[in-house]
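Enquirer: Okay, here's the structure, questions in a sec.
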Amino acid sequence: MKLRINYLAFVFFLLIGTISGQTWKVFESIEGKFSILTPGLMQTKTATVTTTVGEFDVHTFYLNPNDSIGNYLYVINYYDLEPGLIPQDSLELLEIFLKNTMDQSISDLNGQLMYNTPVSIGIHKGLMWRSKSDSGVVKCRAFIINDRFYMLQVFSIESKSLNHDVDRFLESFTLRGQ
């Protein structure tokens, strides 16, 4: 019975990949200390950003897929915070930082918050939200893990924004070398 269920699950995921027309592969960043499933080859860039709490080298990985699912941009950003800026045991500071990040992200897109909810990777707390704007819908996950900030985003056409590939990308994020 268990073998049959595993086989059916395998066939289901094989069909989903065939329907979307994309081959998903594991993308790994050694420097970023993560891996994630992506529907294509990620591009990369780094930019220095100045904020009220300091200057950061923001590392960005992105993919503009050519698909019929409706997702037009997959993004992973990370940067290192000053050590101890957000202590791991300070859930209140973490929550404030993540909510401010969410608010700023939505404001930058002239968007509206649809919902937000706490998420986690192992013991590391994070925040997930979904917002919409004139350019579509974006679903995000953000975490601070060992003084490193990570934000994952999938941008979609609003009419096609509730698709399996959004969560497939966001939920496949895995830490490496921690």
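Just so you know, all these numbers are worked out from the coordinates, no wet-lab data involved. Here the structure is a predicted model, which is why all the values come from computation and not from measurement. Positions of Cβ are generated from backbone atoms using ideal geometry, with glycine treated the same way; all protein chains shown enter the neighbour counts.
Enquirer: Amide H of Phe27: which non-local residues (sequence gap of 5 or more, or other chain) have their own amide H closer than 5 Å, using H built in the peptide plane?
Expert: Sorted by chain and number, the residues that satisfy this are Ile36, Leu37, Thr38.
Enquirer: Residues with beta-carbon under 14 Å from that of Glu158, excluding Glu158: net charge, scoring Lys, Arg +1 and Asp, Glu -1?
Expert: After counting each charged neighbour, the total is +3.
Enquirer: What ranking do Thr60, Thr52, Thr23, Thr38 get, fewest neighbouring Cβ atoms within 10 angstrom at the top?
Expert: Thr52, Thr23, Thr60, Thr38
Enquirer: Still on this structure, I have one more. Pairs Lys99/Lys125; Lys139/Lys160; Lys132/Lys160; Lys45/Lys125; Lys33/Lys99; Lys33/Lys125: which are spaced more than 21 Å apart, C-alpha to C-alpha?
Expert: Lys45/Lys125; Lys33/Lys99
Enquirer: Sort 70-81, 163-174 for me by packing, meaning the mean count of neighbouring Cβ atoms within 10 Å per residue, highest on top.
Expert: 70-81, 163-174
Enquirer: Which of the GluC sites (Glu not before Pro) found in region 76-169 are in a DSSP loop and have at most 16 neighbouring Cβ atoms, other than their own, within 10 Å?
Expert: On the way: sites: Glu92, Glu95, Glu158; in loops: none.
For GluC sites (Glu not before Pro) across region 76-169 that sit outside H, G, I, E and B with at most 16 neighbouring Cβ atoms in 10 Å, the list is empty.
Enquirer: Computed from these coordinates, which is Cα Rg over 2.2 N^0.38 Å: (i) 1.33; (ii) 1.08; (iii) 1.01?
Expert: Answer label, from the structure shown: (ii).
Enquirer: Could you compute the FRET efficiency for Thr174 and Asp134, with r as their C-beta to C-beta distance and R0 at 25 Å, rounded to 0.05?
Expert: After rounding to 0.05, the efficiency reads 0.15.
Enquirer: Now, a different point. Can you tell me how much longer the chain between Leu81 and Val49 gets when fully stretched, taken as 0.36 nm per residue apart minus their C-alpha distance, in nm with one decimal?
Expert: Values: separation 32, 0.36 × 32 = 11.52 nm, distance 1.21 nm.
Stretched fully, the Leu81-Val49 segment lengthens by 10.3 nm.
Enquirer: If the only charges are +1 at each Lys and Arg Cβ and -1 at each Asp and Glu Cβ, what is the size of the charge dipole of region 24-175 around the Cα centre, to the nearest 20 debye?
Expert: Result for region 24-175 is approximately 460 debye, rounded to the nearest 20.
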